[in-house]
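Undergrad: The structure is given below, and queries will be raised subsequently.
Just so it is clear, none of the values below were taken in a lab; they were calculated from the coordinates. Just so you know, these numbers come straight off a predicted model, no measurement behind them. FYI the Cβ positions are ideal-geometry reconstructions off the backbone, even for glycines, and counts take in every protein chain you see.
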Amino acid sequence: MAIRSIRTLGDPVLRKVSKEVKEITPKITKLIDDMLDTMYEEEGVGLAAPQVGMLKRIVVIDIGDGPIILINPVIIATEGEQTGFEGCLSVPGKSGTVTRPNKVTVRAFDENMDEFELTGTELLARAICHECEHLDGIVYVDKVEGRLYDNEELEEMEEE
């Protein structure tokens with residue numbers, strides 16, 4: 001397992017569409033392990049393969065309840081709406097307001113290529129949407145309402 005470099009905004013790989021995973025190979029297993037290690041090292045709640053330079057449809061998420069691995073995820077249902085600040089490991093030190101569904105159901109494969117569905121609300125719903133968009137070359141800054149804030153600015157605003 002290893003920590004991989006996170007690609008940042010401006011890197012062309014973040015704007016490309018990822019390819020479907022056809023089978024689990026030792027390389028894919030290592031990529032998933034490395035993505036989890038990298039996400040935890042960077043204290044993120046999610047990471048998509050393009051963020052570490054791999055154009056594969058793989059997402060890892062952990063909002064505090066343990067790791068979730070989504071291979072070839074497809075959002076099949078959304079419900080409600082939530083608006084809140086969002087950040088991204090590929091846009092370090094910045095946050096912006098984004099509106100997302102409050103409830104999301106995703107169909108995906110796990111690391112054994114067994115298909116499953118997962119429904120998440122609130123933060124999990126936000127993370128699923130955010131990470132799945134990375135697989136299609138969409139970065140959250142494309143959806144920010146208003147402007148991007150430096151995280152230091154937000155901390156000052158919270159203190160006031």
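So that you can scan it fast, the table gives a plain yes or no per residue for (1) of a type in the set (D, E, K, R); (2) more than 24 Å from Val13 (Cα to Cα); (3) in contact with a helix residue (DSSP H, G or I) (Cβ under 6 Å, 6 or more places away or on another chain):
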{"residue": "Met39", "(1), (2), (3)": "no, no, no"}
{"residue": "Val104", "(1), (2), (3)": "no, yes, yes"}
{"residue": "Phe109", "(1), (2), (3)": "no, no, no"}
{"residue": "Thr119", "(1), (2), (3)": "no, yes, no"}
{"residue": "Glu131", "(1), (2), (3)": "yes, no, no"}
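Undergrad: Looking only at region 23-40, how many residues end up being assigned to a helix (DSSP H, G or I), β-branched (Val, Ile, Thr) and surrounded by 14 or more Cβ atoms within 10 Å (Cβ to Cβ)?
TA: 3
Undergrad: Count, please, the residues in region 111-138 that happen to be in a strand (DSSP E or B) and either surrounded by fewer than 13 Cβ atoms within 10 Å (Cβ to Cβ) or within 9 Å of the chain's Cα centre (by Cα) (or both).
TA: Matching residues across region 111-138 total 3.
Undergrad: Moving on to the next point. How many of the residues making up region 41-86 are under 13 Å from the mean Cα position of the chain (by Cα), in a helix (DSSP H, G or I) and closer than 24 Å to Glu152 by Cβ?
TA: 1
Undergrad: Could you tell me whether Leu55 is within 21 Å of Pro12 (Cα to Cα), touching a strand residue (DSSP E or B) at 6+ places or on another chain (Cβ under 6 Å), among the aliphatic types (A, V, I, L, M) and surrounded by fewer than 16 Cβ atoms within 10 Å (Cβ to Cβ)?
TA: The answer is yes for Leu55.
Undergrad: Ala49: surrounded by 12 or more Cβ atoms within 10 Å (Cβ to Cβ), closer than 12 Å to Cys129 by Cα, in contact with a strand residue (DSSP E or B) (Cβ under 6 Å, 6 or more places away or on another chain) and small (Gly, Ala, Ser), yes or no?
TA: When the stated conditions are applied, Ala49 does not pass them.
Undergrad: Within the set of pairs 6 or more residues apart or between chains, which connect a residue that is in contact (Cβ under 8 Å) with a residue 24 or more places away in the chain and outside any strand (DSSP E or B) inside region 139-154 to a residue that is surrounded by fewer than 15 Cβ atoms within 10 Å (Cβ to Cβ) and of a type in the set (Ser, Thr, Tyr) with Cβ atoms less than 8 Å apart?
TA: Going by the 8 Å Cβ cut-off, the qualifying pairs are Lys143/Thr99.
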